[in-house]
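Student: This is the structure I want to talk about, given as C-alpha cells.
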Amino acid sequence: GTTKLKGKGGYSDEDTEVIYAVVTRLEVTKLKSIVFNIDHNAFITIMDTHETRGGKFKNAIH
C-alpha cells in the first residue's frame, strides 16, 4: 500500500511530495525500477517491517 504526504526539504525549504510504500521484499526491485523511471534522483529508504496492523493491503504490483 502507499500513502502520499506533503513534505518540505530540510535544506532547500522547497515543497516536495513523499510517497510511503509498504511492499513485500519480492517487490522491492520492481518498485525501485518504477520510482527511478519516474524520478532518477529520487531518495529511497528501505526498512524491514516486522508487523503491520489495520489499513488495506492490495495485491502485488505488476
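Student: Of the residues Leu31, Leu26, Leu5, which is outside any helix (DSSP H, G or I) and of a type in the set (A, V, I, L, M, F, W, C)?
Tutor: Result: Leu5 is the single residue among Leu31, Leu26, Leu5 that is outside any helix (DSSP H, G or I) and of a type in the set (A, V, I, L, M, F, W, C).
Student: Name every residue in the range 1-32 that is more than 12 Å from the chain's Cα centre (by Cα) and small (Gly, Ala, Ser), in order of residue number.
Tutor: Correct list: Gly7, Gly9, Gly10, Ser12.
Student: Same structure again: Is there a residue in the range 44-52 that is within 11 Å of the chain's Cα centre (by Cα), surrounded by 10 or more Cβ atoms within 10 Å (Cβ to Cβ), assigned to a loop (DSSP other than H, G, I, E, B) and not aliphatic (A, V, I, L, M)?
Tutor: Scanning the range 44-52 turns up no residue that is within 11 Å of the chain's Cα centre (by Cα), surrounded by 10 or more Cβ atoms within 10 Å (Cβ to Cβ), assigned to a loop (DSSP other than H, G, I, E, B) and not aliphatic (A, V, I, L, M).
Student: Here's a follow-up. So which pairs qualify, if the first residue must be in the range 35-57 and under 13 Å from Val23 (Cβ atoms), the second must be at pLDDT below 90 and of a type outside the set (Val, Ile, Thr), the Cβ gap must be under 8 Å, and the two must be at least 6 apart or on different chains?
Tutor: If the second residue must be at pLDDT below 90 and of a type outside the set (Val, Ile, Thr), the pairs left are Phe57/Gly1.
Student: Pairs needed: first member in the range 11-23, more than 18 Å from Ile44 (Cβ to Cβ); second member anywhere, in a strand (DSSP E or B); C-beta distance under 8 Å; at least 6 residues apart or different chains.
Tutor: If the second residue must be in a strand (DSSP E or B), the pairs left are Glu14/Lys8; Asp15/Lys6; Asp15/Gly7; Asp15/Lys8.
The values are calculated or read from the model by the stated rules, or taken from the named source; none is laboratory data. Small disclaimer: the values here were computed from a predicted structure and weren't measured. Don't worry about glycine lacking a Cβ; one is built from the backbone with ideal geometry, like all the others, and counts go over all protein chains shown.
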